[in-house]
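The values are calculated or read from the model by the stated rules, or taken from the named source; none is laboratory data. Quantities reported herein were computed from a predicted structural model and do not represent experimental measurements. Cβ coordinates were reconstructed from backbone atoms using ideal geometry, including for glycine residues, and neighbour counts include every protein chain displayed. For the accessible areas, the whole protein counts, side chains as well, though only heavy atoms, and no ligand, DNA or RNA atoms are used. Shrake-Rupley method; radii C 1.70, N 1.55, O 1.52, S 1.80 Å.
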Amino acid sequence: MGGSNMSGEHHREESFIKRYIFSTDHKVIGKQYLITGIVMAIFGGVLALFFRINLANPGFLSHEQYNAFVTLHGAIMFFWVAMPILLGGFGNVLIPLMIGARDMAFPTLNMMSYWTFFLSAVILILSMFVPGGAFSGGWTVYPPLSANPEVLIGAKWGANLFLLALAFEFASMLMGGVNFVTTVLTMRVRGLTFMRLPIFIWMEVIASLVFLFSVAPLIAGALMLLLDINLGTHFFRVEAGKAGDPILWQHLFWFFGHPEVYVILFPALGILAEVFTTYARRPIFSYKTFVYANIVAAILSFLVWAHHQFVAGINTISALGFSITTVLISVPFSMSLVVLGLTLAGGSIRFTPAFLFGLFAFLMFIIGGLTGLPLGAVASDIYFHDTYFVVAHFHYTVFTIAVLSSLAGIYHWFPKMFGRRINYTFGKWHAILTLVFYNGFAFPAFFLGLAGHPRRYYSALELGYLQKYQWIHELMTISTVLLLATQVVFIFVFFYSIFAGEKETEPNPWESTTLEWLAPSPPPHLNWGNFAPLVERGPYEYAKNGKDIDFIPQGRLVKLKGETAEK
Amino acid sequence: MLPVNISADGHLIDLVLKISIGGGIVIGIVSFAIVLYMIFKFRRSKNPFPLQDVPPLLKKVIYIDFAMIIFDLVLLVTSSYAWAYFYIRPIDKIKKEALQKGEKYVEVNVIGRQFFWTFIYPGEDGKFGTSDDFKLANVLVVPKNYYVFLKMTSGDTLHSLFIPNVRMKYDTIPGRTTYVWFKPTAEGQYDIACAELCGSMHYSMKGIMIVMEEEKYKEWIKNPIYNSEDIISMYEFKR
């Protein structure tokens with residue numbers, strides 16, 4: 001394959017700053033997103049550690065700190081961890097490589113996207129140190145609480161900076177989304193038809209489109225909220241004689257907020273598809289079913305938002321309609337999961353760390369999906385709404401997305417991204433311990449939900465009927481501490497492996513089929529040197545004759561004649 | 001772990017809870033079993049080369065999708081029925097039907113504020129806006145086997161009145177009126193919680209619902225005692 005020839009041909013003298021900081025190279029930007037996401041995950045995890053300690057031992061934090069940490073933890077894990085890692089990180093690194101392009105369609109916009117994101121993270125952290133303290137009104141920012149500094153300390157500057165940080169984050173992801181969609185539409189290499197795209201690419205495009213279509217109402221809402229906070233308007237605030245509508249915010253927020261969950265879910269499912277096919281050595285069970293089911297789910301995702309508001313004062317007949325769409329969205333997702341599961345059938349499974357994380361993510365998605373039904377069915381949601389059952393459910397979905405699936409992706413593509421390996425034995429223990437401790441904190445929350453424990457409670461000791469469940473909180477806190485300790489070790493190993501891990505010279509160590517594995521590890525600037533990939537078949541040509549030919553790569557590299565990559 | 005149900009109609013909610021969780025457990029266990037079977041059977045050390053086709057028996061796993069659709073439909077029918085029963089029927093109609101059946105009801109107005117509940121009683125005459133109206137803080141006293149209609153609003157931000165033992169929860173919203181109704185069937189005292197983040201002391205916004213025999217309630221409302229502990233000691237409640 002001539003990997004060594006390709007990397008040396010176009011030496012460009014670039015300063016360190018241009019190469020690693022203000023770089024327009026999609027791989028560098030992707031790694032910047034990935035590492036920023038990991039750093040923010042540490043931050044979000046430490047916040048969780050603090051408020052979990054408080055729940056086991058009330059009094060550890062002040063009431064305002066507790067609510068602020070819960071608020072920031074939610075927002076960070078969604079917008080500053082899951083999105084940058086799954087979209088900004090894997091999307092940027094993999095989209096051009098998987099479609100055989102040399103970079104994204106708009107490399108400068110891509111660089112601006114990352115630095116806007118970086119700025120948003122800085123603003124978010126600064127918001128903790130403003131007069132009045134950090135915003136503590138929940139990541140859903142429900143007014144009138146969030147809009148009225150008289151009822152919530154921190155609803156002034158804390159809320160302003162929180163909303164500003166979100167605005168920059170959305171601006172960043174909009175730039176990224178436009179870039180992703182344009183790149184996939186226009187820069188696929190010869191032979192790469194839509195139905196030959198790796199599933200991961202489909203999922204990134206669907207996620208980007210869902211984001212682009214859903215974000216506008218929230219931006220309008222956030223502007224009104226800022227006016228309410230700072231100029232005393234009454235879009236959402238209600239005071240005598242000046243009746244704004246707090247429910248309106250909930251509609252604007254969840255019209256974005258629910259599709260947003262799928263924005264991070266789709267790339268996670270894409271990672272699982274790549275990981276399952278590679279390590280089970282089987283083609284995906286039904287490519288078309290998977291793609292179409294997720295397109296249907298993406299469209300349905302715009303019609304379910306008010307299931308967050310069943311008992312919040314919306315029209316009770318429309319609640320019934322939203323309940324129907326919500327329960328029915330389980331059908332396309334169950335189809336996706338069945339396709340993923342049957343990809344293992346008849347395989348020859350290699351239990352690598354990436355596969356273990358993928359498998360665990362898959363199993364936890366099943367729990368997360370099925371526990372969505374009691375919340376989507378409107379009558380059972382009367383009881384479960386805003387209880388720990390919701391907390392358990394969204395940790396089985398969002399933690400699975402943001403952590404388990406991301407880790408599957410990190411272990412899978414680490415050799416490609418950095419040209420080195422993460423220790424195998426460590427990876428397996430990492431996967432197993434993460435699964436155990438994760439369930440240790442998330443599963444007991446279902447029981448708290450059944451017992452009717454409302455969420456966002458500073459302490460369970462205040463309400464009589466909850467006091468006897470304090471031991472569950474203690475168990476969850478111990479599991480959280482162990483879970484975080486495991487991840488701290490991982491983060492150390494991760495950074496160690498980037499610089500000093502075992503060198504991986506083989507471009508395709510997992511014997512995978514998609515195009516990124518044809519490039520050298522790590523791929524040079526502009527990816528393909530004096531070669532260009534040519535796609536000849538579908539993305540998952542495994543299990544060819546059941547014996548010696550185990551897989552056929554999706555394409556091959558062709559040497560360019562008389563042209564250079566610089567063009 | 002569900003708290004005891006003391007609402008005459010709470011079994012409807014409990015039925016939906018059981019269907020939604022039970023169905024999930026069945027489908028979940030079947031799915032887990034199939035996945036674990038596959039990773040055991042098709043591990044590399046036992047099956048060094050992948051099969052070229054999925055074994056026909058495993059292809060039947062796609063029936064899980066059909067099981068899912070049936071589960072969804074059963075869940076939607078029961079859930080929608082229960083929801084319509086509690087929330088789509090107009091309150092006035094529910095009251096009228098209760099009277100026709102020879103049932104009795106009480107009405108209490110509720111205001112949520114940071115961080116306490118105010119329960120406003122019409123007094124002995126049963127009419128709001130008269131001189132015998134009175135207010136209780138964090139105590140809701142209701143007669144057993146009466147329908148209870150709570151007409152709720154909020155004085156500042158969003159709250160949510162949650163009484164786990166009657167399976168009812170609904171937000172209170174400034175500038176709007178919302179309702180909760182139920183029919184308690186067992187004497188005793190039951191916790192009331194706030195289920196919508198309302199500020200720093202959200203977790204401590206708690207109330208107590210005391211359900212009394214009809215005669216005791218009639219005696220109490222003539223000469224209301226405001227403090228929950230006094231009520232409990234006076235009427236000799238067992239917890």
Review point. FRET efficiency for A:GLU502 and B:PHE32, Cβ-Cβ distance as r, R0 = 51 Å, nearest 0.05?
Key: 0.90
**Study point:** Estimated inter-spin distance, B:MET234 and A:PHE492, nm [label 7 Å along Cα→Cβ]
**Key:** 6.5 nm
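Rolling a 1.4 angstrom probe over the protein heavy atoms, how many square angstrom per residue are accessible across chain A? The partial results should precede the final answer.
Working: 18430 Å² over 567 residues.
On a per-residue basis, chain A sits at 33 Å².
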Practice item. Would you work out the relative contact order for chain B, in percent, from Cα pairs under 8 angstrom that are 6 or more residues apart? Key: 19 percent
Review point. Where the only charges are on Cβ atoms (+1 Lys, Arg; -1 Asp, Glu), what is the dipole of the range A:18-559 about its Cα centre, to the nearest 20 debye?
Key: 1280 debye
Exercise for review: For chain B, return all DSSP H helices satisfying: extent of Cα atoms along own axis at least 15 Å; mean Kyte-Doolittle hydropathy at least -0.5.
Suggested key: B:10-41, B:63-83
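For chain A, what does -39500 (n - 2.57) per DSSP helix run (n ≥ 4), summed and divided by total residues, give at 222 nm, in deg cm²/dmol to the nearest 500?
Details: 19 runs with 324 residues, N = 567.
Roughly -19000 deg cm²/dmol at 222 nm, from the helical runs in chain A.
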Practice item. Could you pull out every residue, at least 5 positions away or on a different chain, whose amide H is within less than 5 Å of the one on B:VAL141? Hs are placed 1.01 Å off N in the peptide plane, and Pro or chain starts have none. Key: B:ILE210
Practice item. Mind checking the full-extension length gain between A:ILE299 and A:PHE351? Use 0.36 nm per residue of separation minus the Cα-Cα distance, one decimal, nm. Key: 15.2 nm
Point to revise | Extension gain, A:SER15 back to A:ARG537 (0.36 nm per residue minus Cα-Cα distance, nm) | key: 183.9 nm
Revision key, fill the gap. Interchain or sequence-distant (5+) residues whose placed amide H lies within less than 5 Å of the amide H of B:ARG43 are A:ILE349
Check your understanding: Taking R0 as 56 Å, what's the FRET efficiency between B:ASP132 and A:VAL178 from their Cβ-Cβ distance, rounded to 0.05?
Key -> 0.25
Point to revise | FRET efficiency for A:ALA216 and B:THR118, using Cβ-Cβ distance with R0 set to 41 Å, rounded to 0.05 | key: 0.55
Exercise for review: Determine the total buried accessible area between chain B and chain A, counting protein heavy atoms only with a 1.4 Å probe; round to the nearest 100 Å².
Suggested key: 7200 Å²
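Can you give the Kirkwood hydrodynamic radius for chain B, in Å, rounded to one decimal and based on Cα pairs?
Values: mean 1/r = 0.0475 Å⁻¹.
Answer for chain B: a Kirkwood hydrodynamic radius of 21.1 Å.
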Revision key, fill the gap. Between A:ASN230 and B:GLU213, the two model label points (7 Å from Cα along the beta-carbon direction) sit apart by a distance in nm of 6.4 nm
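Take B:ASP230, A:ASP25 and sort them by solvent-accessible surface of the protein heavy atoms, 1.4 Å probe, largest at the top. Walk me through the numbers before you get to the answer.
On the way: B:ASP230 80, A:ASP25 15 Å².
Result, largest first: B:ASP230, A:ASP25.
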Review point. Any idea what % of Cα-Cα pairs in the range B:10-88 are farther than 14 Å?
Key: 71 percent
Review point. For the range B:79-212, what is the largest minus smallest coordinate of the Cα atoms on each principal axis, given in angstrom and ordered from greatest to least?
Key: 45, 41, 31
Point to revise | the range A:312-380: translational diffusion in µm²/s, Stokes-Einstein, Kirkwood Rh over Cα pairs, 20 °C, 1.002 mPa s | key: 151 µm²/s
**Study point:** Under 28 Å from B:LYS46, Cα to Cα: lysines that are on another chain or at least 8 residues apart
**Key:** A:LYS428, A:LYS544, A:LYS547, B:LYS59, B:LYS60
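Return one quarter of the surface area of the convex hull spanned by the alpha-carbon atoms of the range A:79-139, equal to its mean projected area, in nm². Provide the component values of the computation, followed by the final result.
Numbers: hull surface 20.0 nm².
So the mean shadow area of the Cα hull is 5.0 nm².
Specify, per residue and in Å³, the volume enclosed by the convex hull of the alpha carbon atoms belonging to the protein assembly as shown.
Dividing the Cα hull volume of the protein assembly as shown by its residue count gives 151 Å³.
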Revision key, fill the gap. For the range A:403-553, whose charge dipole is built from +1 on Lys and Arg Cβ atoms and -1 on Asp and Glu Cβ atoms, the candidate among A:SER406, A:ALA532, A:TRP471 with its Cα farthest towards the positive end is A:TRP471
Check your understanding: Relative to a virtual label point 7 Å from the Cα of B:ILE91 in the Cα→beta-carbon direction, which members of the range B:160-191 show backbone nitrogen distances below 15 Å?
Key -> B:161, B:169-183
Check your understanding: Of B:ILE91, B:ILE27, B:ILE13, which is the most mobile in a GNM of chain B whose springs link Cα atoms less than 10 angstrom apart?
Key -> B:ILE27
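Subtract the Cα-Cα distance of A:ILE432 and A:ILE549 from 0.36 nm times their separation in residues, and report this length gain in nm to one decimal.
Once the chain is fully extended between A:ILE432 and A:ILE549, it gains 38.9 nm.
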Practice item. Please average, across the residues of A:447-456, the number of beta carbons from any other chain that are within 10 Å of each residue's own beta carbon, and give a whole number. Key: 5
**Study point:** Highest-MSF residue in chain B out of B:THR177, B:THR185, B:THR130 [GNM, Cα springs under 10 Å]
**Key:** B:THR130
Review point. What percentage of all Cα-Cα pairs in the range A:433-530 are separated by more than 15 Å?
Key: 73 percent
**Study point:** Rough spin-label spacing in nm, given labels placed 7 Å along Cα→Cβ, for B:LEU73 and B:TYR226
**Key:** 5.8 nm
